[in-house]
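Peer 1: Let me give you the structure first, and then I'll get to my questions.
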């Protein structure tokens, strides 16, 4: 081929490149990058399990284990019919009248928590194990019943208000915690593994060799995260609402915003953790060492307040603590965004600092 | 001739090694240029600097009249790149992969057309993880072609492939040549370079030690044929010095009981060799001849074989 034609060919092609091509938005590089990210995720069965099934199993298991039961009725034994009659006035006691020998046997084998026997001079003797909470409770209930039957009047009248409505049970506390933990886990794992895998396989290098704008590559992770977020949050909250009636007292829109903000912060943290690592082992170690402490101290399963006061400022500055606190305030106390401003500030700070650092450190090859 | 790529005094050192040591290179528009050399010669570093993937310590690179410092975006649109051992995502299908790469370029064939170019139509819906080595390499080629590049970089395109897959890939590369694209190819297979390249540069220790058409380079060592043979028995060794006296023998190398003669005229040298062995009373146990190749050029220039490292 002669030079002249070669150059005019190039010019013609160059002109074609400059004329904008009509194409669907689905062919936009960002849409394509996000789409393949999404495909890669849903074609990974393990990831599906950890993100969608695991939190449900965990919530179901813990919800059942810690479900609120009506106060137990305690079994006790009485030796005489008079005593048994007095004791039956107490509804929380299940009284059996037994001969002495059988009653002693029942107490020893734990079939009854307490044995009430007549003592000298019209007194009553209670036999029970005081290291057993059931025994101590039975002692109080039995004595109250005996004293009342003998004519004692309570000088102060009291009424009970029972706290069994949704919003104050353990499962209500747990669901926002699991939601926060899930947001953190999926964002950090999602970012970390995918980025390091692309780097390890030199796929990232190959993409950088195309005209793809680099920030699209990072942005596609964030966008695919948002798509999956809808499902993740929906699964956990839907399960909580349907299976246990966990309430969402705050505005749903606020809750969505909080989830998005939390997910972005965790994604930025994941990006930072994955910014240098060349192997999956290295990034796994990093991710676990960052997430493990937060699982423990940030109040997923029990209140972060249980840790000593001097540790509280540090614990409160952790992104998972901020996320879970904000989610609980919204869901359980109906707090507005203004009321969770400090938690949002913490999340925002993590987002900005981690993202800026990650961009500075990121290894593209 | 217009230059598609002009490299001047390129240098790149890693912590303890100088990978590219003052390299000059000029690739003409529309030619297929081969960069040859053993592993570690600096081929990949050179090509990756030209591709804008790593920065040189010093030196200049100008491609298609543009430079990385000022026209990176425009340049990327016009390059097709196939990297050594890139693993494309195994969970995506062939079509999804090519479509993704297509989205980065302003112009070029559609994803389906690019797949047809590399004859992977039947595998369009197959996951990348299920492809054979040759198919994966062809997919990589499709990804390099979706932007309708003017300049194609192929870094060791057939390394690790079986002979049939290599031949298929060669046919493909020959088609690109016919389409008028400029190609820069690295390889350590000399037969590949001889078959595909219009001109080759042989690299060693970060420098170009020879440059020309494969024919010129082979001619430059003044040898047309190589005769390899083994002769003699353990008790009586061959008198190697006598071989130098045979007409047309340029060089004699003896190693591990086998002798290599570089000769100009095969039809004179072989009968003379047989006569000499006969005179010494030694039986011939093995005899091979081949036309001088780029491999012989490399051996002559460096005293080493290409694939020893």
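Peer 1: Quick test for you: out of B:75, B:88, pick the one residue that is touching a residue at least 12 places away in the same chain (Cβ under 8 Å) and under 29 Å from residue B:60 (Cα atoms).
Peer 2: B:75
Peer 1: Select, from A:299, A:270, the only residue that is in contact with a helix residue (DSSP H, G or I) (Cβ under 7 Å, 6 or more places away or on another chain) and assigned to a helix (DSSP H, G or I).
Peer 2: When all the criteria are applied, what remains is A:270.
Peer 1: Scan A:222, A:196 and give me the residue that is within 14 Å of chain B (Cβ to nearest Cβ) and closer than 21 Å to residue A:287 by Cβ.
Peer 2: The unique qualifying residue is A:196.
Peer 1: Can I ask one more? Determine if the range A:276-293 includes at least one residue that is within 14 Å of chain B (Cβ to nearest Cβ), in contact (Cβ under 8 Å) with a residue 40 or more places away in the chain and in a helix (DSSP H, G or I).
Peer 2: Yes, the range A:276-293 contains a residue that is within 14 Å of chain B (Cβ to nearest Cβ), in contact (Cβ under 8 Å) with a residue 40 or more places away in the chain and in a helix (DSSP H, G or I).
Peer 1: So which residues in the range B:105-129 are in contact with a helix residue (DSSP H, G or I) (Cβ under 8 Å, 6 or more places away or on another chain), within 21 Å of residue B:162 (Cβ to Cβ) and either exposed (fewer than 15 other Cβ atoms within 10 Å of the Cβ) or more than 13 Å from chain A (Cβ to nearest Cβ) (or both)?
Peer 2: Residues satisfying the conditions are B:118, B:119, B:120, B:123, B:126.
Peer 1: Give the residue, chosen from B:223, B:227, that is touching a helix residue (DSSP H, G or I) at 6+ places or on another chain (Cβ under 8 Å) and assigned to a strand (DSSP E or B).
Peer 2: The unique qualifying residue is B:227.
Peer 1: Would you pick out the residues in the range B:86-104 that are touching a strand residue (DSSP E or B) at 6+ places or on another chain (Cβ under 7 Å) and more than 7 Å from chain A (Cβ to nearest Cβ)?
Peer 2: B:90, B:93, listed by residue number.
Peer 1: I need a count of the residues in the range A:82-129 that are within 19 Å of residue A:145 (Cα to Cα) and part of a loop (DSSP other than H, G, I, E, B).
Peer 2: 11
Peer 1: When the residues of the range A:116-142 are filtered to those that are within 48 Å of the chain's Cα centre (by Cα) and within 14 Å of residue A:82 (Cα to Cα), which remaining residue is surrounded by the fewest Cβ atoms within 10 Å (Cβ to Cβ)?
Peer 2: A:142
Peer 1: When the residues of the range B:28-67 are narrowed to those that are under 22 Å from residue B:295 (Cα atoms) and assigned to a strand (DSSP E or B), which ends up nearest to the other protein chains (Cβ to nearest Cβ)?
Peer 2: Checked the range B:28-67; the qualifying residue nearest to the other protein chains (Cβ to nearest Cβ) is B:32.
Peer 1: Hey, another quick one. For the range B:20-46, what are the residues that are over 16 Å from residue B:211 (Cβ atoms) and under 18 Å from the mean Cα position of the chain (by Cα)?
Peer 2: Passing the criteria: B:30, B:38, B:39, B:40, B:44, B:45.
Peer 1: Out of the residues in the range A:20-70 meeting the condition of being outside any helix (DSSP H, G or I) and within 11 Å of chain B (Cβ to nearest Cβ), tell me which one is modelled with the highest pLDDT.
Peer 2: Taking the candidates together, the pick is A:28.
Peer 1: Yes or no: residue A:178 in contact (Cβ under 8 Å) with a residue 40 or more places away in the chain and closer than 30 Å to residue A:245 by Cβ?
Peer 2: yes
Peer 1: Residues in the range A:232-242: is at least one closer than 20 Å to residue A:360 by Cβ and either in contact (Cβ under 8 Å) with a residue 24 or more places away in the chain or within 14 Å of chain B (Cβ to nearest Cβ) (or both)?
Peer 2: The answer is no; no qualifying residue exists.
Peer 1: So, one more: Can you tell me how many residues within the range B:75-85 are farther than 15 Å from residue B:5 by Cβ and more than 7 Å from chain A (Cβ to nearest Cβ)?
Peer 2: 2
Peer 1: Suppose we filter the range B:130-179 for residues that are in contact (Cβ under 8 Å) with a residue 24 or more places away in the chain, part of a loop (DSSP other than H, G, I, E, B) and within 11 Å of chain A (Cβ to nearest Cβ); how many remain?
Peer 2: 5
Peer 1: Sticking with this structure for a sec: Answer with yes or no whether residue B:88 is at pLDDT 90 or above and not in a strand (DSSP E or B).
Peer 2: Answer is yes for this residue.
Peer 1: When residue B:15 is evaluated against the numbered criteria (1) part of a loop (DSSP other than H, G, I, E, B); (2) more than 14 Å from chain A (Cβ to nearest Cβ); (3) under 20 Å from residue B:200 (Cβ atoms), which criterion, by number, is the only one it fails?
Peer 2: (3)
The values are calculated or read from the model by the stated rules, or taken from the named source; none is laboratory data. In this text, all values refer to a predicted model and were calculated from it rather than measured experimentally. As a convention, Cβ positions derive from the backbone with ideal geometry for all residues, glycine included, and neighbour counts pool all protein chains shown.
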